[in-house]
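Data block below; observations after.
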Amino acid sequence: MTGRVALVTGAARGIGAATVDALAGAGWRVLAVDRCSDDPRVPYSLGTADELAAVASRWPEQVHARIADVTDPEALVSAVQACREQFGELDAAVAAAAVIAGGQPLWETPATTWEAMWDVDVRGVANLAQAVIPALLARPEPRSGRFIALASAAAHRGLWHLAAYSAVKHAVVGLIRGLAADLRGTGIAATAVSPGSTRTAMLDATAALYGLPDTDEFASSQLTEKLLEPAEVAAAVAWLCSAESSALTGSVLHADGGFTV
């Protein structure tokens, strides 16, 4: 056991769930957080309480599940407090909660699409940072805290009919760079991971937005010529949580199979 403690949002499935598995497998104790309910502004089903419980059940001694919505700042403050009460001090946080919507040109994108992605993908990251950073700063010096946000290859390349999604993920990168600057000299690093096309429910939703029968067509956009598995991206996130990533802050790790080359 490492004795280190992390909080992961969007943990019911996909990259968030894989990150919980990666950290727990490395000996971390983890509070796995997810809203476990659908968002009427998003055109697909989100993670469920059963899925979140299944993630926690794989690591009964190390992982606790908690239902909390990243768009609710008070719920995240309570989650951080619960994490510290259950496991002790907090060492890392991973903002993996995100949604995707779109499927039309920018000038036809409805306000509700912008609102959903801004609320979850950007403000959700900011809300987590506001809840978590005081706990990370409470650790005695020398600190080695970590804050990691999931951005996207879409933050670095314009995608057809996904301008709003590209914009909000670009905002995540800017948020991380600003946060890293604010954390200067504290020993806490802020970084982002930009995945490429990864075999998740979100990629299924993207295929539906494009009217594609399956997700395999996205593989051709990557130099690896295959879809990424959530565990591959989670391995990059877990490394950023580790002491070995100490040279990085304010950086974006492109775990994208060569999508943005």
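The values are calculated or read from the model by the stated rules, or taken from the named source; none is laboratory data. Keep in mind it's a predicted model, so treat the numbers as computed, not measured. Glycine gets a Cβ as well: all are built from the backbone with ideal geometry, and neighbour counts include every protein chain shown. All accessible areas refer to the heavy atoms of the entire protein, side chains included, with ligands and DNA or RNA removed. Shrake-Rupley method; radii C 1.70, N 1.55, O 1.52, S 1.80 Å.
Give me the 1.4 Å probe accessible area per residue for the stretch 21-165, excluding ligands and nucleic acids, in Å².
43
Going by Cα centres, the stretch 223-261 and the stretch 128-165 are how many Å apart?
13
Considering only DSSP states other than H, G, I, E and B, which GluC sites (Glu not before Pro) in the stretch 224-258 qualify as loop sites with at most 13 other Cβ atoms within 10 Å?
Those satisfying the criteria are Glu225.
For the pair Gln86/Trp107, report the inter-label distance in nm, with labels modelled 7 Å from Cα in the Cβ direction.
Each label point lies 7 Å from its Cα, and together they span 5.0 nm.
What are the semi-axes of the equivalent ellipsoid for the chain, taken as the square roots of 5 times the Cα gyration tensor eigenvalues, largest first, in whole Å?
In descending order, the three semi-axes are 28, 19, 18 Å.
Mind checking which of Glu51, Glu108, Glu89 has the largest fluctuation in a GNM of the chain, springs on alpha carbons under 10 Å?
Glu108
Within the chain, what whole-number % of the accessible surface is contributed by carbon and sulfur, with the 1.4 Å probe and all protein chains included in the calculation?
54
Once you place label points 7 Å from the Cα toward the Cβ at Glu244 and Asp50, how far apart are they in nm?
Roughly 3.7 nm, to one decimal.
Out of the DSSP beta bridges found with both residues in the chain, what percent are antiparallel (nearest 5)?
If I count the DSSP bridges inside the chain, around 0 percent turn out antiparallel.
Compute, for the stretch 1-82, the length of the dipole vector about the Cα centre, with Cβ point charges of +1 (Lys, Arg) and -1 (Asp, Glu) only. Units Debye, rounded to 20.
With only Lys, Arg, Asp and Glu charged at Cβ, the dipole is about 280 debye.
Let me cross-check Leu228: its accessible surface, 1.4 Å probe, with only protein heavy atoms counted, in Å² to the nearest 10?
10
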